Amino acid sequence: MTGLSRRGALAGLAALPFGRRAALAAGPSRQRLDHLVASYPDHLKAVADDTLLWRDGARMAIGAGQPERPFEVMLRSATIADQLRQTYERGPPQGPPPRDHSPGRLRNTAFFAKMYGDCARGDVTGRMRPVAWMPASGRQTLQVTDINDVATRLERIIAELEQLPDRLKAFLVPSAGTYNCRAVADSGLPSMHGSGAAIDINVAKSDYWAWARRRGEIAYRNRIPFEIVGIFEAAGFIWGGKWYHFDTMHFEYRPELLV
């Protein structure tokens with residue numbers, strides 16, 4: 001494809017409604033794969049054909065040539081390609097997410113276990129350090145991973161959150177926690193909380209898809225102001241409020257999805 005025709009194709013894609021763009025994202029482009037490598041420079045070296053090369057010499061299959069599978073299947077057995085399949089849109093939400101569009105919930109278990117460790121084997125806790133959550137507004141001490149500078153990034157987020165009006169801080173305090181070596185309820189796979197790279201804010205001000213399920217359908221609900229979300233996104237964190245399976249208290253460090 002020439003540069004001109006590629007720009008035209010991208011422009012046409014950008015003009016489509018959000019849900020249609022999501023449906024067309026059949027697999028990760030080379031640009032998305034290069035962005036994945038650039039997002040984790042301490043760990044990833046390059047992409048060669050359908051292989052992800054780690055700096056320690058390890059190699060992982062990407063699975064880019066596989067056809068898209070049903071969401072529920074990918075949720076439980078995501079390839080690295082599946083992990084990048086759905087697009088996370090920056091900025092204020094433009095209405096409820098399309099059905100099964102939950103960018104970030106598709107996670108390749110081996111990828112994150114190699115990067116952060118397997119919490120079930122005790123690999124994670126030795127790489128965490130305490131972070132003071134909202135020290136001027138209701139101090140808590142939370143354990144956060146130092147890998148990928150996640151703890152330092154969260155401290156920068158906290159400094160900005162402390163500048164928000166008190167009416168917004170009510171959505172943040174108390175935090176429902178960071179590190180928790182547990183599985184995700186509906187998939188049985190490790191949570192990003194088990195990597196020490198996720199945080200939940202005030203549960204009392206939040207909404208969760210399983211609480212709102214009605215006969216198989218999910219009635220979207222959110223009360224978290226975007227002023228909070230924008231600060232997290234600017235630091236490489238995605239928000240569960242942009243998922244069809246919404247989890248509005250939840251933020252996790254996933255810079256590869258913030259394209």
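Among what's in the range 198-226 and is part of a loop (DSSP other than H, G, I, E, B) and of a type in the set (Lys, Arg), pick the residue that is modelled with the highest pLDDT. Looking at residues that are part of a loop (DSSP other than H, G, I, E, B) and of a type in the set (Lys, Arg), I get 223. For the range 205-243, residues that are in contact with a Gly (Cβ under 7 Å, 6 or more places away or on another chain) and surrounded by fewer than 19 Cβ atoms within 10 Å (Cβ to Cβ) total 1.
Restricting attention to the range 89-137 and to residues that are within 22 Å of residue 77 (Cα to Cα) and among the basic types (Lys, Arg), the residue that is surrounded by the most Cβ atoms within 10 Å (Cβ to Cβ) turns out to be 105.
Those helices (runs of 4 or more DSSP H) of the range 35-133 in which at least 3 residues are under 19 Å from the mean Cα position of the chain (by Cα) and touching a residue at least 60 places away in the same chain (Cβ under 8 Å), considering only elements entirely within it, cover 109-116. Restricted to the range 175-204, and to residues there that are closer than 16 Å to residue 249 by Cα, over 15 Å from the mean Cα position of the chain (by Cα) and without any contact (Cβ under 8 Å) to a residue 40 or more places away in the chain, the residue that is surrounded by the fewest Cβ atoms within 10 Å (Cβ to Cβ) is 185.
The values are calculated or read from the model by the stated rules, or taken from the named source; none is laboratory data. Since the model is a prediction, treat every value here as computed from it, not as a measurement. FYI the Cβ positions are ideal-geometry reconstructions off the backbone, even for glycines, and counts take in every protein chain you see.
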